[in-house]
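K.L.:
The structure that follows is given in the form of structure tokens.
Bear in mind these aren't lab numbers, they're just calculated from the coordinates by the rules spelled out. A quick note: this is a predicted structure, and the numbers were derived from the prediction, not measured. All Cβ positions, glycine included, derive from the backbone under ideal geometry; neighbour counts span all protein chains shown.
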Amino acid sequence: VQLVESGGGLVQPGGSLRLSCAASGITFSSYVMYWYRRAPGKEREWIASITPTGTNTNYADSVKGRFTVARDNAKKMVSLQMNNLKPEDTAVYYCKAVISLTTYWGQGTQVTVSS
């Protein structure tokens, strides 16, 4: 199983970024996919999840209304559209899958929100 995030970078407050996570080695369409982040000096926190068919999504209060999670099962990819970014969104962002009670993480992608 391999998860590879991309799309991070430096953006000004109020800007947008779109993160992607490409999966391989799994039957992607069978699993809930998650996005987490770890801000400097803080624990890793869950921010969004999406069900296998994409029908249901959930968000942490801190990102609700600004971030949107989506998936393309044919491409085995999950994305995170981030709008109206704030300095407190600065973090390393990770995607996660749980398969047969084993948790798999990507390597993370850095997002920095700063003027």
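K.L.:
Note down the magnitude of the dipole of the chain about its Cα centre, charges +1 on Lys and Arg C-beta and -1 on Asp and Glu C-beta and zero elsewhere, to the nearest 20 debye.
P.N.:
About 100 debye.
K.L.:
Normalised by the residues of the chain, what does the relative contact order come to in percent, with Cα pairs under 8 Å and at least six apart?
P.N.:
Relative CO of the chain lands at 37 percent.
K.L.:
Taking a cut-off of 22 Å between Cα atoms, list the lysines near LYS42, but don't count ones fewer than 8 places away on the same chain.
P.N.:
Qualifying lysines at Cα under 22 Å: LYS64, LYS86, LYS96.
K.L.:
Rounded to the nearest Å, what's the spacing between the alpha carbon centres of the range 72-115 and the range 1-69? Just the number, please.
P.N.:
3 Å
K.L.:
Taking the radius of gyration and the Kirkwood hydrodynamic radius from Cα positions alone, what is the Rg/Rh ratio for the range 50-89, to two decimal places?
P.N.:
Numbers: Rg = 11.3 Å, Rh = 11.1 Å.
On the Cα set of the range 50-89, Rg over Rh gives 1.02.
K.L.:
Given 0.36 nm per residue, what is the gain on full extension from SER115 to SER29 after removing their alpha carbon distance, in nm?
P.N.:
27.1 nm
K.L.:
Just for the Cα atoms in the chain, what are the lengths along the principal axes, largest first, rounded to whole Å?
P.N.:
41, 26, 22
K.L.:
Also: Return the distance in nm (one decimal) between the two label points of a simple spin-label model at ALA60 and LYS42, each offset 7 Å from Cα along Cα→Cβ.
P.N.:
0.6 nm
K.L.:
Please give the length that would be gained between ASP72 and THR103 if that part of the chain were fully extended, namely 0.36 nm times their separation in residues minus their C-alpha to C-alpha distance (nm, one decimal).
P.N.:
Once the chain is fully extended between ASP72 and THR103, it gains 9.1 nm.
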